[in-house]
Amino acid sequence: MPLFAATVFLSAFLLFQIQPMVAKMILPWFGGSSSVWSTCMVFFQAELLLGYLYVHWLHETLAPRRQAVVHIVLLLASLLTLPVVANPAWLSAAQAHPTLNVLLVLGTTVGLPYLLLSTTGPLMQAWYARAFTGVMPYRLYALSNLASMLALLSYPVLVEPFFPVPVQAWGWSAGYALFVLACGATAWWSWRALSVEREETVSAAQKNIPRPSWRECVLWVGLAMTASTLLLAMTRHLTQDVAPVPFLWVLPLSLYLLSFILCFDAPRYYVRPLFLAALPLAFLGLDQVMDEGMAVPWLIALLSGALFVICMVCHGELVRRKPHPRHLTLFYLMLSLGGALGGMFVGLLAPAVFNAYFEFPIGLFLCALLVVVVLWKELRPHWRALLLLALCGYGIRLGQVSMEFVDGYRVVVRNFYSQLRISEWHDEKPGPKRVMVHGRINHGAQFLAPEHRRTPTSYYCHESGIGRAIFSLPQDKPLKLGVVGLGAGTLAAYGRRGDEVRIYEINDQVLDLARSQFTYLADSPAHIVPVLGDGRLMLEREPAQAFDLLAMDAFSGDSIPAHLLTLEAMQGYLRHLKPDGILAVHITNRYLDLQPVMAAAAQYFGKTALLYALEPDDDDDFCSSSDWVLIMSPARAAALPLIMNDGTPLTPRPGFRPWTDSFSNLFSVLK
C-alpha cells in the first residue's frame, strides 16, 4: 500500500505543479493574455483524456503482467524529453496562430511526461484492485486529488516567489525522474506479485459484472463537462480584469480538486440536501457577477463559493453513480472525456464562435438541466412540474443576461486576446462620446463633435502624465514617438505634422476598431506607423528607433502583462530611446500597486522615476484618474520645465526584488 500511495501522490503533485509553471513560462510569448491559461487547460485536459484512454486500452486488452512491461518501457522513454524547458525557437511564430501554437509548445515541452503522469492514478487503482481482492481503490483517487491541490496551492506561495522559472523547471524534472523510479518499482512489484494462476482467477471473477449503460456514461460525461466548463469560464471572468497570474489560476482549480477529494475520499461530505439547496443561491450570486461589477475581494469570494457548490453537486452525483472497480477505467475515461469537452468548449470553440462570453451562462444552464435529470426519477409529478418551471424561468433569465453582454453596443468582437466592445454615450455637453471597452475597462474614448474629436481624453488628456510629458519635449523640431498598446488610438492626437508615431499592437481587432470606430489615427497630421505583434518582441527585433518618448500602455483588461515590466523588457525599451528620451509607463490599476516595480527598475538602470498621478474634478469631461511613471536620465529629470516639477520621485521599497523574466511576485504589489 505505501508504494502505491507514494507513486500516486508524487505523480499527482508533479502533474499539477507543472500546469502553472509551464503556463507562466510561455505566458510572455503570447502577449500575457488570460486566454493562455484557458488554452493550457484544453491541452492538459486533452492529455488527461489520452492518458485515461491509454489506461482503459491497457486494462481491457493486455494481461496485467504485460501492462507492467509496456508501461515501464514508456516511462524510460519519457526521460529522454527532460528537462521541461520550452524551446525559444517557438517565439518567432508564436503569435501567428496563438491557440494552435500554445498547444504545440506544450506538446513539445511536456507532452510525454504529462501523458504518463496522467495515467498513473487510474492505472495504479486498477493494479491495486487486482492485487488486493475486495478492496475499494477509489480512495487512491482522493489521495491523488489531495496531492494535486497541495501542488497548486504551494506553487504561488512557496515556489513562484522564491525560484526563477528555469530553476523550477530543473527541479520539476528531477522530481519526475524520481517518479519514474517509484512508478517503475510499483509496476515491477505488480508484475511479480500477480501469478499467472491468480491473473486468470481475477479475470474470470470479473467477467460477469455488467457493463454500465450508455445513458449512465452520457450522464457521467455531462456532469464532468459542466464542472469543467464553469471552472474555466469563472477563471476567465476572474482574470480578465485583474491579472492572468498563477494565483488566480490556482484558486478556482484548487476548489475544483477539493470537491473531488471530499466526494471520493468520504462521500458523506457530499450532504446532498444541503448542497442541492445551496445550488440556487450559487446561481443567484453568479447572476450578480455577470450582471454588474464588484470589488475584487467580493468577486473572488463569490465566484469561489459558487464554483465550490457547483463542483460538489456535479462530483457528488458522480460518486453516487460510480461503478464496480471492474469498470473503473471506463468511469475515469468518461470523466476525462467530459473534462476535455468542457475545456475545448471554453478554450477553443467559444472564442471562435461567440462574440461575447456566452459560455458562462450556457454552463450554468447545463448545470441546472443536469440537476433536473438527476432528480427526475426521485420526484413526484407535481415536484417535477415545479422543477421544470424553475428550469425554464432560469433559462429565460440567463438569456436576458446573455443579451446584456451585447445589447447597447455598436460593435462586439472577440478573439484569443480579448473581447472588445464599442459603446456610445449621448450627453448634451460636450456631445456624443464613443468608448472602447475591454472586459469592463475603458481602453480609450473620443468625443465625436468636430470641435472635440481631436482632443485626447480619459487617461491621455492634456493634464495627464503622458500629456504633460509630450508637451515637455522640444516643440521646434519633428518628434518620434513610440506607443505600445493602441486602444482607441488616442495618443495619435498628440502627433504634429512631421512627427512619426510608431504604434505596437498585438491584437488585429484593436487596430480594425481604432480605424473604423474612431478617428484619432485618421485625423492625426503625424505619420502613423502601426506594427502588429507583441510590443516587446517587436521592439527586440527592430534596430534602435531613437524615440523622443516611448509610452508603455499595453493592458489586458485592467492589468499590464508582467512580462512588459521586467528588467529585460525595460532594457529593451531604453535601447530605443534617445539619451535624453522619456519612457512613460501607464500603471493605473485598481488592484495592483506597480510603483515599487517601477522604482526598482529605474534604480537598476541608474534612472530617475517620477510619478504623475491625476485626480480630475468630478465635472471634468475629458480627464480620468490616471497614474503615469516617467523614467529618464537624472540629467533629463533635472532639466524638466518648472511646470513638471510636481512629479513624485519613486524610491525603491526596502527588500523589494526587481522583476525579471524568470521572477515576478504579484503578492508583493497587491493593494
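Structure data summary
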| item | result |
| --- | --- |
| Residue that is surrounded by the fewest Cβ atoms within 10 Å (Cβ to Cβ) [pool: residues in the range 579-603 that are farther than 30 Å from T239 by Cα and not β-branched (V, I, T)] | P579 |
| Which numbered condition P478 fails, given (1) within 21 Å of R497 (Cβ to Cβ); (2) at pLDDT below 90 | (2) |
| Residue that is surrounded by the fewest Cβ atoms within 10 Å (Cβ to Cβ) [pool: residues in the range 388-412 that are of a type in the set (S, T, Y) and closer than 22 Å to N355 by Cα] | Y409 |
| Evaluation of G606 against (1) on the phi > 0 side of the Ramachandran plot; (2) modelled with pLDDT under 95 (one fails), failing number | (2) |
| Among the candidates L116, L143, residue that is buried (at least 16 other Cβ atoms within 10 Å of the Cβ), closer than 25 Å to G184 by Cα and modelled with pLDDT of 85 or more | L116 |
| Number of positions in the range 315-364 that are closer than 30 Å to V36 by Cβ and in contact (Cβ under 8 Å) with a residue 40 or more places away in the chain | 31 |
| Hits in the range 470-484 (condition: surrounded by fewer than 22 Cβ atoms within 10 Å (Cβ to Cβ), small (G, A, S) and touching a strand residue (DSSP E or B) at 6+ places or on another chain (Cβ under 6 Å)) | none |
| Residue check for P28: assigned by TED's automatic domain parsing to the domain that holds Y256, more than 18 Å from T120 (Cβ to Cβ) and touching a His at 6+ places or on another chain (Cβ under 6 Å) | yes |
| Selection count, the range 369-393, where residues are over 19 Å from C314 (Cα atoms) and aromatic (F, W, Y) | 1 |
| Inter-residue pairs, beta-carbon under 9 Å, first not assigned by TED's automatic domain parsing to the domain that holds H315 and in the range 279-296, second modelled with pLDDT of 80 or more and surrounded by 12 or more Cβ atoms within 10 Å (Cβ to Cβ), 6+ apart | none |
| Neighbours by Cβ (under 9 Å, 6+ apart or cross-chain): first from the range 385-398, in the same structural domain as L286 (by TED's automatic domain parsing) and closer than 17 Å to L284 by Cα; second surrounded by 14 or more Cβ atoms within 10 Å (Cβ to Cβ) and β-branched (V, I, T) | L387/V371; L387/V372; A390/V372; L391/V371; L391/V372; L398/I362 |
| Identity of the residue in the range 371-387, of a type in the set (K, R) and within 40 Å of the chain's Cα centre (by Cα), that ends up surrounded by the fewest Cβ atoms within 10 Å (Cβ to Cβ) | K377 |
| Test: residue in the range 485-499 that is surrounded by 24 or more Cβ atoms within 10 Å (Cβ to Cβ), assigned to a loop (DSSP other than H, G, I, E, B), out of contact with any Cys (no Cβ under 8 Å at 6 or more places or on another chain) and among the acidic types (D, E) | no |
| Qualifying residue in the range 595-615 (condition: part of a loop (DSSP other than H, G, I, E, B), touching an Asp or Glu at 6+ places or on another chain (Cβ under 8 Å) and either under 30 Å from T457 (Cβ atoms) or not basic (K, R) (or both)) | no |
| Condition check for M312: within 24 Å of R397 (Cβ to Cβ), buried (at least 21 other Cβ atoms within 10 Å of the Cβ) and in the same structural domain as L230 (by TED's automatic domain parsing) | yes |
| Unique residue being assigned to a helix (DSSP H, G or I), modelled with pLDDT of 80 or more, under 25 Å from L79 (Cβ atoms) and of a type in the set (F, W, Y) when the list is W188, W170 | W170 |
| Out of P246, P280, P210, P252, sole residue that is farther than 14 Å from L335 by Cβ, modelled with pLDDT under 80, surrounded by 14 or more Cβ atoms within 10 Å (Cβ to Cβ) and of a type outside the set (S, T, N, Q) | P246 |
| Test: residue in the range 549-572 that is part of a strand (DSSP E or B), farther than 23 Å from A445 by Cβ and of a type outside the set (A, V, I, L, M, F, W, C) | no |
| Filtered residues of the range 519-552 (kept if surrounded by 22 or more Cβ atoms within 10 Å (Cβ to Cβ) and either under 30 Å from the mean Cα position of the chain (by Cα) or not assigned by TED's automatic domain parsing to the domain that holds G487 (or both)) | D534, G535, R536, L539, L550, A551, M552 |
| Enumeration of residues in the range 622-655 that are surrounded by fewer than 16 Cβ atoms within 10 Å (Cβ to Cβ) and in a loop (DSSP other than H, G, I, E, B) | S625, A639, P641, N645, D646, T651, R653, P654, G655 |
| The range 594-625 - residue that is farther than 30 Å from P432 by Cβ and of a type in the set (S, T, Y) and, of those, nearest to the chain's Cα centre (by Cα) | Y604 |
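For every residue, the table says whether it meets (1) touching a residue at least 40 places away in the same chain (Cβ under 8 Å); (2) surrounded by 16 or more Cβ atoms within 10 Å (Cβ to Cβ); (3) in contact with a Ser or Thr (Cβ under 7 Å, 6 or more places away or on another chain).
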position	(1), (2), (3)
R414	yes, yes, no
Y417	yes, yes, yes
S423	no, yes, no
K429	yes, no, no
V437	no, yes, yes
E451	no, no, no
R468	yes, yes, no
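The values are calculated or read from the model by the stated rules, or taken from the named source; none is laboratory data. Keep in mind it's a predicted model, so treat the numbers as computed, not measured. Backbone-built Cβ (ideal geometry, glycine too); neighbour counts: all protein chains shown.
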